[in-house]
Amino acid sequence: MPGNVVRFIAGSTLVLTAACGGTTAAETGKPVVDAAFFPLQWLAEKVGGPDVTVEGLTKPGVEPHDLELTPQQVAGVAKASLVVYVKGVQPAVDEAVAQHAGDRGFDAATAVPTLEAVHSEEEEAHGHEEEVAYDPHLWLDPSRMATLATALGGRLAEADPAHGAAYKERAKQTAAALTTLDAEFAKGLETCASRTIVTAHTAFGYLANRYKLEQVGIGGIDPDAEPSPARLAEAARIAKEKKVTTIFTEELVSPKVAEVLASEVGAKTAVLNPLESPPQGGDYISGMTANLTELRTALGCQ
Ligand SMILES: [Zn+2]
């Protein structure tokens, strides 16, 4: 993986610092980009290429909404050349950026148009404290990711003008690949028997908005929010009315609720990956392509 940095500590203990945070430009001779979680890390590696060291703040397999930062990671945020994050996903990262990164923070939500958050009744009833009024899951729209690639290229060129042309060229190539992916989604989801997706965690608002699908989230924007019996009953009613064949679940959230709902309405379950963590053996493009295949099957697309 590009961006992993291996160094020796006294006593020759080999330490992988990429996942722990705290690498500095002085150690690597390159700008260090801290990326909050998987899709941003992928984008930073694509656009930064060999000219940066990318550190992911969220380890693979960890649900990023719950992330706690180690003191070393907070120190890393304070020293990084750029911190790429989405305000509203991870309170710990938002706080570390506000306190320690200042204008070295790059909030992806400021680079693309955001959509208003749709909160479940449970989140509202619990007074779930929301930092932002928009839905933060903007990386699930490839066209917004393309815009983000270009914006990130511009920010890296500002931070490291000596490699400005290389950042901009890689940004252009990455944006082109994402635009191709966007066109594949538009075409693949153009003519479908159903346009309703029932999801475990309300992460697919941008994807639904972009490709004219209707998302019915069982849980909330925060996957830890347990749905109430009333919310489950409402989701079951909509699923039956819309003749939904598939209830979507995801790898990092317990499938129990989705399974209960699926058996109640006579549907099956399938995995739709919100890509908050890297897909097995794949990247953002392959993960999204797998999502498109799942959606086409579930929705009966031609
Ligand atoms: Zn999420």
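The values are calculated or read from the model by the stated rules, or taken from the named source; none is laboratory data. Predicted, not measured: the structure shown is a model, and the values here were computed from it. Ideal geometry is used to build each Cβ from the backbone, glycine not excepted, and the neighbour counts take in all protein chains shown. Only protein heavy atoms, including side chains, enter the accessible area calculation; ligands, DNA and RNA are left aside. Shrake-Rupley method; radii C 1.70, N 1.55, O 1.52, S 1.80 Å.
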**Study point:** Debye-sum result for region 251-302 in log10 I(q)/I(0), which assumes one identical scatterer on each alpha carbon, at q = 0.14, 0.23 Å⁻¹
**Key:** -0.43, -0.94
Revision key, fill the gap. The percentage of the accessible area of region 129-216 (probe 1.4 Å, all protein chains present) made up of carbon and sulfur atoms, to the nearest whole number, is 53
Practice item. Assuming R0 = 25 Å, can you tell me the calculated FRET efficiency for the pair Lys59 and Gln99, based on Cβ-Cβ distance, to the nearest 0.05? Key: 0.65
Practice item. Would you work out which of Leu295, Val93, Thr199 lies farthest towards the positive end of the dipole of the chain? Charges go on Cβ: Lys and Arg +1, Asp and Glu -1. Key: Leu295
Revision key, fill the gap. Taking the reciprocal of mean 1/r across every pair of different Cα atoms in region 42-85, the Kirkwood radius in Å is 11.7
Exercise for review: Using label points projected 7 Å from each Cα along Cα→Cβ, tell me how many nm separate Glu214 and Gln302, to one decimal.
Suggested key: 2.1
Practice item. Have a look at the DSSP beta bridges in the chain and tell me what percent are antiparallel, nearest 5. Key: 25
Practice item. Rounding to the nearest 20 debye, state how big the charge dipole of region 186-299 is about its Cα centre with +1 on each Lys and Arg Cβ and -1 on each Asp and Glu Cβ. Key: 580
Study note, to complete from the structure: Toy charge model, Lys and Arg Cβ at +1, Asp and Glu Cβ at -1: the chain dipole around Cα centroid in debye, rounded to 20, equals 1140
Check your understanding: Can you give the helix-only mean residue ellipticity at 222 nm for the chain, where every DSSP H stretch with n ≥ 4 adds -39500 (n - 2.57) and the sum goes over all residues, rounded to the nearest 500 deg cm²/dmol?
Key -> -12500 deg cm²/dmol
Practice item. Can you tell me the FRET efficiency between Gln173 and Ala75 if r is taken as the Cβ-Cβ distance and R0 is 41 Å, rounded to the nearest 0.05? Key: 0.80
Point to revise | For region 186-299: relative contact order, % (alpha-carbon pairs under 8 angstrom, 6 or more apart) | key: 27
Revision key, fill the gap. Expected max-MSF residue from Val112, Val77, Val86 in the GNM of the chain (alpha carbon, under 10 Å) is Val112
Revision key, fill the gap. Rounded to 0.05, the calculated FRET efficiency for the beta carbons of Thr191 and Lys256 at R₀ = 25 Å is 0.15
Practice item. Step through the table entries Lys242/Lys268; Lys79/Lys168; Lys212/Lys256; Lys46/Lys79, compare each Cα-Cα distance with 26 Å, and write down the pairs that go over it. Key: Lys212/Lys256
Point to revise | Dipole of the chain [Lys/Arg +1, Asp/Glu -1 at C-beta], most positive-end residue of Val74, Ser263, Leu156 | key: Leu156
Review point. Taking only C-alpha pairs under 8 Å that are 6+ residues apart, what is the relative contact order of the chain in percent?
Key: 16
**Study point:** Percentage, to the nearest whole number, of Cα pairs in the chain over 23 Å apart
**Key:** 56
